[in-house]
Amino acid sequence: MGFLAAGLGAGIIALGAGFGIGIIGKSATESIARQPEAAGDIRGAMLLTAVFIEGVALIGAIVCIILALGLGQ
Amino acid sequence: MRRLSVTILLLFAINPGLLAADTEESSGGSFDIMGKVLDHDYVEVVGVKLYLPRILLVDGEWYFYANTKSALESGEFMQTEESGLVRSDGAQIALDMSITSHLIYVWLGIILTLLITIWAASRYRRGIGAESEPKGAMHNIFEVIFVFIRDDIAKEFITPEKYRRYVPYLFSVFMAIMFMNLFGLLPWAASATADLTVTATLAGITFIITQFSATKDHWRHVFAFPGVPGWSRAILTPVEILGLFTKPFALAIRLFANMLSGKIMIVSILGLIFIFTDMFGAYVGVGSSVFWVLLTAALYFLKALVALIQAYVFTLLSAVFIGMAAEEHHHEEDDTAVAHAQSVEV
């Protein structure tokens, strides 16, 4: 049951992070297409936002790893 | 496409004699995935284990040993199941200052960074690069990285009057993390940044620098947020104080988890070969290995990329946090302050 929770948790994290980063990528490419001369600034902002999402996702992933490892012992 | 893959499968499964010999060796043995990423008391160099010194503090007394084995042989220490090494009379180790494999790789990363910066500095002092153009591939790469950190990270996120003070730290932390990350790609080495203590130390340095470079405005924003009704400060102040600590925490976890997951992923995917061999027999196992090996090769490139990106991200976020603290606000735009606060809380 605990392993199931860890696996499901990891899956939901991947879902959420993928969704979030997908939206960032979508709006970034749209903005670059609309205004190609601002590509550098947009890329910087995109990376920064993606990194924050990644941070939250990784904290969730670490919780899942700790859960699974704790059960394994 | 399917026929092609079947042909490849057959191509890699034509030597039954070799197969039998391979599986005999691999079956039965277990492989410790976490052992590949955890800290050890030895460094592996080309398959040979070099044991490292143990420095232990028990009951206010220091013990020095050349390695774990000599500590056990001296009779002062014994190995236990539940708590590892303890003194023979049962006293726990109060402080373990032993030199471990991850520490060695941290040192290697720092030494490499030092050597490269000292080498480049001596060249600039002689006028190469300062008066003329930089010469040689190494020098050019150095200058590209340095200018990138200075212009695209420091200047961009820290106020223009102050950014020069932080460029040395940002550059050295970038180089050191990059080297530590890239060590993980070497066959026997480990990436030290796949250890939470290493990344927490690095994030701690950023935290300390952030606090010492914080302006009066920054502290005012933390303890008494301007431009909001008094009662809402009861919520805002704890959140802001919490925010001070979650920033370095997220910084440490991010680097740690990224480096850890890369290694575990590669080992797990290679492990699929043996799992398949166990489940479906040697032919399927070895036949499918071509996919796993190709996937691992692709992951290796991804890992090299992630090593660079994570070093960049750590430096970038350090610069952002320092810049946020060192920023001096002008309080004409008090009504935009709330919007600003929402964008800062991540």
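Remarks
- Calculated FRET efficiency, B:VAL228 to B:THR159, Cβ-Cβ distance, R0 = 25 Å: about 0.55 to the nearest 0.05.
- The ranking of B:HIS218, B:HIS139 from fewest to most other beta carbons within 10 Å of each one's beta carbon is B:HIS139, B:HIS218.
- Averaged over the residues of peptide B:249-255, the number of Cβ atoms from other protein chains lying within 10 Å of each residue's Cβ is 4.
- Full extension of the chain between B:LEU185 and B:ARG125 yields a length gain of 18.2 nm, computed as 0.36 nm times the residue separation minus the alpha carbon distance.
- Here the residues B:ASP96, B:ASP89, ranked from fewest to most Cβ neighbours within 10 Å of their Cβ, fall in the order B:ASP89, B:ASP96.
- Between A:ALA14 and A:LEU47, the contour length at 0.36 nm per residue exceeds the Cα-Cα span by 10.1 nm.
- Cβ-Cβ FRET estimate between B:MET265 and B:LEU38, R0 fixed at 22 Å, reported to 0.05: 0.85
- Hits among lysines - C-alpha to C-alpha of B:LYS303 under 20 Å, sequence gap 8 or more where chains match: B:LYS36, B:LYS263
- Top of A:GLY18, A:GLY44, A:GLY60 by mean-square fluctuation, Gaussian network on chain A, Cα under 10 Å: A:GLY44
- Within 10 Å of the Cβ of each residue in A:37-47, the mean number of Cβ atoms contributed by other protein chains is 1.
- Shape category assigned to segment B:53-98 from the gyration tensor of Cα positions, a/c cut at 1.5: rounded
- Exposure proxy shown here: for B:THR159, B:THR210, the number of other Cβ atoms within 10 Å sets the order, fewest to most, as B:THR159, B:THR210.
- Length gained on full extension, B:ILE275 to B:VAL293, computed as 0.36 nm times the residue gap minus the Cα-Cα distance: 5.1 nm.
- Cβ-defined net charge surrounding B:GLY75, 12 Å radius [Lys, Arg +1; Asp, Glu -1]: -2
- Inter-site label distance for B:ILE55 and A:GLU30 at 7 Å from Cα along Cβ, in nm: 5.7
Every number in this text was worked out from the coordinates using simple rules, so none of it is lab data. Computed from a predicted model, the values in this text were never measured in an experiment. Methodologically, a virtual Cβ is constructed for each residue, glycine included, from the backbone with ideal geometry; neighbour enumeration extends over all protein chains shown.
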